[in-house]
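Reviewing the structure listed below.
The values are calculated or read from the model by the stated rules, or taken from the named source; none is laboratory data. Note that the structure is a prediction, hence the values are computed from the model and not measured. Positions of Cβ are generated from backbone atoms using ideal geometry, with glycine treated the same way; all protein chains shown enter the neighbour counts. When the accessible area is computed, the model is the full protein with side chains, heavy atoms only, and any ligands, DNA or RNA have been set aside. Shrake-Rupley method; radii C 1.70, N 1.55, O 1.52, S 1.80 Å.
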Amino acid sequence: MKASEHVTISVFGRDRKGVVAEATSFVFRAGGNIEELVEQVTRREFYMTLVASWAPGKLDRRTLDTGLSELGTRLKMEVRVRHHSPSARPRMALFMTKETHCADALLAAARSGALRAEPVLVAANHPELAAYARRWRVPFVHAPFRDHERGERALLRALDRSEADFAVLARFMKILSPRFTWRWRNRIINIHPSLLPAFPGAAAYRQAYDHGVKVVGVTAHFATPDLDGGPIICQDAVRLRPNEPLASIVARGRALEAKVLLRAVKLHVANRLDVYWGTVKVV
């Protein structure tokens, strides 16, 4: 028995009346069933993500894509569509800065079959990671962030070209704007080196060390416009030894980062994460 076909439609642009009605009416006329709809207006910018399904064999992709393109022109807004193939492995993009321990764990698991995801992109704000991507035989894109907006545009183009289904911030040390994270709502997974909500932001291990905590941990969460405040997927912790130096704490924390991030990505690709009112439930 064939599975239903699912499509995610995203709409972005200057806020105006009637956008939700136009988009939902279009899906209805195309024979789709709306399964999820989230919309928000921030600083007069409208963002909407709509997930719709069609019975097996009932979706005409070409007609849908053409109609959505015409809808975007009529609304003077950016309209994107992403088709889901239930049989294909989800396509994974990795964003990196310098450290490779998290990406190593994900790529090794994908290559061995322990992670059911297809690595399709390594993007980094440092060009020297091109050699790293070559070793793993994954396409590489350099996204310089000296100009933040330009860097984000490079990342968005790369995600489009690679047809990625989700992205992982594998120790990517740049803050993504609300405009970026909303486009990829609940499809960007980040790893943070603390037990959030404690010690958000930079130098989390140093913050924990300076506060004299007895347990340190890491948090995998979905990235949102709220820095290190997105829905938490999973966490883990280690108990510190008496008078343990900061270097040892960082080393043990990094090993835990890779483990917890891999766990979170496995849950995501298995469709076991349900985000409801800012909280993640594992189903």
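Laid out as a table, the results:
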read-out	value
Residues of the range 206-231 classified as open to solvent by less than 20 Å² (accessible area, probe 1.4 Å) and among the aromatic types (Phe, Trp, Tyr), total	1
Scope the range 129-186; condition hydroxyl-bearing (Ser, Thr, Tyr) and part of a helix (DSSP H, G or I); matching residues	Tyr132, Ser162, Thr181
Evaluation of Glu45 against (1) surrounded by 13 or more Cβ atoms within 10 Å (Cβ to Cβ); (2) within 25 Å of Trp277 (Cβ to Cβ); (3) without any contact (Cβ under 8 Å) to a residue 40 or more places away in the chain (one fails), failing number	(3)
Which numbered condition Gly31 misses (of (1) part of a loop (DSSP other than H, G, I, E, B); (2) under 18 Å from Glu78 (Cβ atoms))	(2)
Sole exception among (1) farther than 27 Å from Ala88 by Cβ; (2) under 20 Å from the mean Cα position of the chain (by Cα); (3) surrounded by 15 or more Cβ atoms within 10 Å (Cβ to Cβ) for Pro144, by number	(3)
Answer from Val213, Val238 - the residue that is in a strand (DSSP E or B), more than 19 Å from Phe180 (Cβ to Cβ) and over 24 Å from the mean Cα position of the chain (by Cα)	Val238
Residue in the range 249-268 that is open to solvent by less than 80 Å² (accessible area, probe 1.4 Å), over 16 Å from Ser194 (Cα atoms) and of a type in the set (Gly, Ala, Ser) present	no
Odd one out for Ala110 among (1) without any contact (Cβ under 8 Å) to a residue 24 or more places away in the chain; (2) of a type outside the set (D, E, K, R); (3) farther than 15 Å from His268 by Cα	(3)
Failed condition for Val79, given (1) more than 25 Å from the chain's Cα centre (by Cα); (2) not in a helix (DSSP H, G or I)	(1)
Answer residue from the range 61-73, given it is out of contact with any helix residue (DSSP H, G or I) (no Cβ under 8 Å at 6 or more places or on another chain) and in contact (Cβ under 8 Å) with a residue 24 or more places away in the chain and is surrounded by the most Cβ atoms within 10 Å (Cβ to Cβ) among those	Leu64
